[in-house]
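Visitor: I am attaching a structure below and will ask some questions about it afterwards.
The values are calculated or read from the model by the stated rules, or taken from the named source; none is laboratory data. Note that this is a predicted model, so its numbers are computed, not measured. Ideal geometry is used to build each Cβ from the backbone, glycine not excepted, and the neighbour counts take in all protein chains shown. Note: areas computed on protein heavy atoms with side chains; ligands, DNA, RNA excluded. Shrake-Rupley method; radii C 1.70, N 1.55, O 1.52, S 1.80 Å.
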Amino acid sequence: MGDLMKQITKPVVGRFAPSPTGPLHFGTLLAALGSYLLARAVGGRWLLRVEDLDPPRVVPGAADAMLSLLEKLGFEWDGEVVYQSRRFDRYRQVLMQLREQGLVFDCSCTRREILASAPHPGEEGPVYPGTCRNGAYGSRAERAVRLRVPDENITYCDGILGEQGQNLEKEVGDYVLHRVDGLFAYQLAVVVDDIDAGITQIVRGADLLSSTPRQIYLYRCLDAALPDYFHLPLAFGDNGKKLSKRNGDFGLITAGNGSNMLWQALVFLGQSPPVELFNSPPDELLHWGRENFHAKKISGENRQIKF
């Protein structure tokens, strides 16, 4: 076993939480492999959650196909698979708790109104200027629910990328927990799910880096212990953009190419598996990974992948 976090005294509980919006591809495999090995290398548990929170984006049959393929690639998870679509009552309960604490408010602003009044753009759109903090002033009858955020830096140390931080009020603004269309926002669901599951270690792609301060602040609001964060580098396609389901068959994972793709993923994560293991059965590659995984070898640099 590698020297991965030997000083950890608390039990490690990791998780993999894919969205069933298409077939398994290389970018998703990186998150699965990284989270699996970071947990298993120290004898931790590894849970699986299907983030089917947004029904219009869910591809029928994608979740079952992904779980079946993960099993064929040798991944084993602990406990039952959790589906976000079955947890709406729990999200509603937490939202009510936050309302009782005075931490959320209703917002009737349209996107156009926010764009017109926002002083400057943020990373993911206009920074919400607090228009409805003291009562709804927007023109829309339907209401979203936003979390009040402080004017302070939310900082943390990422296990791969080091010190990170963000001023929520200046860079994001009060953010949505319950959407105007009646759906719960990702930021609320993911935090509630991870708290309820006792997750201590979150491993995911660096494309979610900017979401982390929002989630940390929500942990604080719910008086919950923070997990450790590890944001993996992103794999780019030939077009210089993040490899995803939009790339078609490029980077697509199948039972036939699974061993080769696991090898490529280990190399991408800086683990240098022995040449003689190339195209070995998936369970042998995962066994080697569990015994030899070193988090410090993972580069934080996003880069192009060639198969």
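Visitor: Residues of the stretch 196-237 being outside any loop (DSSP other than H, G, I, E, B), over 12 Å from G14 (Cα atoms) and open to solvent by 30 Å² or more (accessible area, probe 1.4 Å), which ones?
Guide: The initial filter retains those residues of the stretch 196-237 that are outside any loop (DSSP other than H, G, I, E, B), namely 196-197, 201-221, 228-232, 235-236.
Checking which are over 12 Å from G14 (Cα atoms) leaves us with 196, 205-221, 231-232, 235-236.
Those that are outside any loop (DSSP other than H, G, I, E, B), over 12 Å from G14 (Cα atoms) and open to solvent by 30 Å² or more (accessible area, probe 1.4 Å): D196, D207, L208, L209, Y217, R220, F236.
Visitor: Among the residues of the stretch 139-158, is any free of Cβ contacts under 8 Å to residues at least 24 places away in the same chain, in contact with a Lys or Arg (Cβ under 8 Å, 6 or more places away or on another chain) and surrounded by fewer than 14 Cβ atoms within 10 Å (Cβ to Cβ)?
Guide: Looking for residues that are free of Cβ contacts under 8 Å to residues at least 24 places away in the same chain, in contact with a Lys or Arg (Cβ under 8 Å, 6 or more places away or on another chain) and surrounded by fewer than 14 Cβ atoms within 10 Å (Cβ to Cβ), one finds at least one in the stretch 139-158, hence yes.
Visitor: A further question on this structure: Could you please let me know if L73 is open to solvent by less than 60 Å² (accessible area, probe 1.4 Å), under 15 Å from the mean Cα position of the chain (by Cα), at pLDDT 95 or above and not basic (K, R)?
Guide: no
Visitor: Test each condition in (1) more than 26 Å from R179 (Cα to Cα); (2) at pLDDT 95 or above for V50 and report the one that comes out false.
Guide: Result: V50 passes all but (1).
Visitor: Determine, yes or no, whether L188 is surrounded by fewer than 16 Cβ atoms within 10 Å (Cβ to Cβ), in contact (Cβ under 8 Å) with a residue 40 or more places away in the chain, under 23 Å from V149 (Cβ atoms) and in contact with a helix residue (DSSP H, G or I) (Cβ under 9 Å, 6 or more places away or on another chain).
Guide: Spelling it out, it is not the case that L188 is surrounded by fewer than 16 Cβ atoms within 10 Å (Cβ to Cβ), in contact (Cβ under 8 Å) with a residue 40 or more places away in the chain, under 23 Å from V149 (Cβ atoms) and in contact with a helix residue (DSSP H, G or I) (Cβ under 9 Å, 6 or more places away or on another chain).
Visitor: Considering D194, D238, D223, which residue is at positive phi and of a type in the set (D, E, K, R)?
Guide: Going through D194, D238, D223 in turn, the sole match is D223.
Visitor: Next question, about the same structure. From the list E276, E301, E284, E291, which residue is touching a residue at least 40 places away in the same chain (Cβ under 8 Å), open to solvent by 10 Å² or more (accessible area, probe 1.4 Å) and assigned to a helix (DSSP H, G or I)?
Guide: Only one candidate passes the filter, namely E291.
Visitor: Now for a separate question. Against the conditions (1) touching a strand residue (DSSP E or B) at 6+ places or on another chain (Cβ under 6 Å); (2) under 18 Å from K72 (Cβ atoms), where does L262 fall short? Just the number, please.
Guide: (1)
Visitor: Given the criterion of a type in the set (A, V, I, L, M), surrounded by 16 or more Cβ atoms within 10 Å (Cβ to Cβ) and more than 30 Å from V13 (Cα to Cα), identify the matching residue among V127, V42.
Guide: Details: V42 fails: more than 30 Å from V13 (Cα to Cα).
Only one candidate qualifies: V127.
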